[in-house]
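A short worksheet on the structure shown next.
The values are calculated or read from the model by the stated rules, or taken from the named source; none is laboratory data. Predicted, not measured: the structure shown is a model, and the values here were computed from it. Cβ placement follows ideal geometry from the backbone for every residue including glycine, while neighbour counts extend to all protein chains displayed. Side chains are part of the model used for accessible areas, which takes the heavy atoms of the whole protein and leaves out ligands, DNA and RNA. Shrake-Rupley method; radii C 1.70, N 1.55, O 1.52, S 1.80 Å.
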Amino acid sequence: MSKRTTVINQILEQGTLPLFFTPSEKDTIEIAQTVYSAGVKVIEYTNRGEEALRNFKSLKKEALKSMPDLQLGIGTIKTAREADNFIGAGADFIVAPTINPEVGRAAHNADLLWIPGCMTPTEISIAQGHDADIIKIFPANILGVEFLKSIKSLFAGQKFMPTGGVNLTEENIRGWFDAGVCAVGMGSQLISNDVIKEKKYDLLKERTETVLELIKTIQKK
């Protein structure tokens, strides 16, 4: 099975994609280990600061030792150069806030999943034209569940994942799955600033376990 297919299947099974950034190398590893211990097998680290590549390399090295079945992706990739840098560092998939065909090409040439962000039907159509298996609905807090319900029939078979504003409530998560998403991206609602700053890893593990169990329940119905 190709790496691209493996990651798609893992995201579909997990039903959520946790994502985060912190400038601290130590905190980066500890946060990843915490959500991994809660049952997460796919994580997106985001390229949001000058420390991102260094931290990603350290996290990938640690993952190979202590989290061997973790699929570690990189998000907020906007240029082919960024994509190449993180692919070289061992990224298992690429997530982007926009559609840059060169980023998609770099990912696909490496047999990796590329998840571009889209906000309009036109953007979704363009992403499909560049072979996007999963499309990120972003920002989800602005577009909302009703947007996806309105346009999903135009793109039969397309896998969608909302990111930005998805919260931890059953009502919110169930609403997205009822609208037809394949997974939900979860950033600061799950890995919040207070968790990062105050190292509330017990709370993070509890939150993560709760979300994973909730999604499993929703997926079964």
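Some notes on this structure:
- Label-point separation, Phe155 to Glu102 (7 Å along Cα→Cβ), nm: 2.4 nm
- Probe 1.4 Å, accessible area per residue of segment 142-218, Å²: 49 Å²
- Qualifying lysines (Cα of each under 26 Å from Cα of Lys200; at least 8 residues distant if same chain): Lys26, Lys41, Lys57, Lys60, Lys61, Lys65, Lys216
- Anisotropy class of segment 78-221 from Cα gyration tensor, a/c 1.5 cut: oblate
- Computed from point charges on the beta carbon alone (+1 for Lys and Arg, -1 for Asp and Glu), the dipole magnitude for segment 87-172 about its Cα centre is near 160 Debye.
- Segment 1-93: GluC sites (Glu not before Pro) in DSSP coil with no more than 12 other Cβ atoms inside 10 Å: Glu50
- Within segment 164-213, chymotrypsin sites (Phe, Trp or Tyr not before Pro) in DSSP loop having at most 14 other beta-carbon neighbours inside 10 Å: none
- Unit charges on C-beta of K, R, D, E only; dipole of the chain, Debye: 200 debye
- Residues whose amide H lies under 5 Å from that of Thr16, counting only those 5 or more places away or on a different chain, are Val184; hydrogens are built 1.01 Å from N in the peptide plane.
- Ellipticity at 222 nm from helices only: DSSP H runs of n ≥ 4 in the chain, each -39500 (n - 2.57), divided by the residue count, give -16000 deg cm²/dmol.
- Efficiency of FRET from Cβ geometry, Asn109 and Asn172, R₀ 41 Å, rounded to 0.05: 0.65
- Percent antiparallel among DSSP beta bridges (both partners in the chain, rounded to 5): 0 percent
- HN-Hα J in Hz across segment 152-164 - Karplus 6.51, -1.76, 1.60, θ = phi - 60°, x for Gly and Pro: 4, 5, 6, 10, 4, x, 6, 8, 10, 9, x, 9, x
- Nonlocal amide H pairs with Gly75, under 5 Å, H built at 1.01 Å: Tyr45, Thr46, Asn47, Val95
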